[in-house]
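Visitor: Can you keep this structure in mind? I'll have questions shortly.
Every read-out reported here was derived from the displayed coordinates using simple, explicitly stated rules and does not represent laboratory data. What you are looking at is a predicted structure, and each value in this text was computed from that prediction instead of being measured. Every residue, glycine as well, gets a Cβ built from its backbone with ideal geometry; the counts of neighbours run over all protein chains shown.
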Amino acid sequence: MGKITAAYNNADKQLMTEICNEKLPELLELTACCQNLHKELWMETYKPFGWEVLDRRYGGTKSRIETAIERLGEYLNGKLSQIEELEEMRLPLHGSPFHSYSRIVTSTVRI
């Protein structure tokens, strides 16, 4: 169980506030920094070829962090009475026949 889920399940609004206002914004900033450094190294080594895949991954990661900040903020500000995605049981990621990046980021089924 992650820290956000644990804080939510324990109704620890102080920790949720710290995560929302400090930890996640710091993570977002560090992710952007990592992306910029990685891109610089990538372009020196591989030129632009293949960077689009990593660009999508970094973009998706940053977007998920922004959404987490938004959802936690709405809950802490009373706009939401619950965070529905934290109410649900998590699906296993390891050992599942459905574990693959494409199934995690999209519900599209490839045949």
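Visitor: Please find the FRET efficiency linking E84 to L54, where r is the Cβ-Cβ separation and R0 is fixed at 41 Å, and quote it to the nearest 0.05.
Guide: So the FRET efficiency works out to roughly 0.85.
Visitor: ³J(HN,Hα) across segment 26-35 via Karplus (A = 6.51, B = -1.76, C = 1.60, θ = phi - 60°), whole Hz, x for Gly/Pro?
Guide: 5, 4, 4, 5, 5, 5, 5, 5, 4, 4
Visitor: Can I ask one more? Within straight cross-link reach of K39, meaning Cα distance under 16 Å, which lysines are found once same-chain residues fewer than 8 apart are removed?
Guide: In chain and number order, the partners are K47, K62.
Visitor: Let me ask something else about it. Based solely on C-alpha atoms, express the radius of gyration and the Dmax of segment 3-105 in angstrom.
Guide: 16.8, 49
Visitor: Which one of G60, M89, M43 is farthest out on the positive end of the charge dipole of segment 3-105, using unit charges on Cβ (Lys, Arg +1; Asp, Glu -1) and the Cα centre as origin?
Guide: Of G60, M89, M43, it is M43.
Visitor: Of the chymotrypsin sites (Phe, Trp or Tyr not before Pro) in segment 1-91, which ones lie in a loop per DSSP and count no more than 13 other C-beta atoms within 10 Å?
Guide: For chymotrypsin sites (Phe, Trp or Tyr not before Pro) across segment 1-91 that sit outside H, G, I, E and B with at most 13 neighbouring Cβ atoms in 10 Å, the list reads F49.
Visitor: For segment 23-77, what is the largest minus smallest coordinate of the Cα atoms on each principal axis, given in angstrom and ordered from greatest to least?
Guide: The principal-axis extents, from largest down, are 46, 17, 7 Å.
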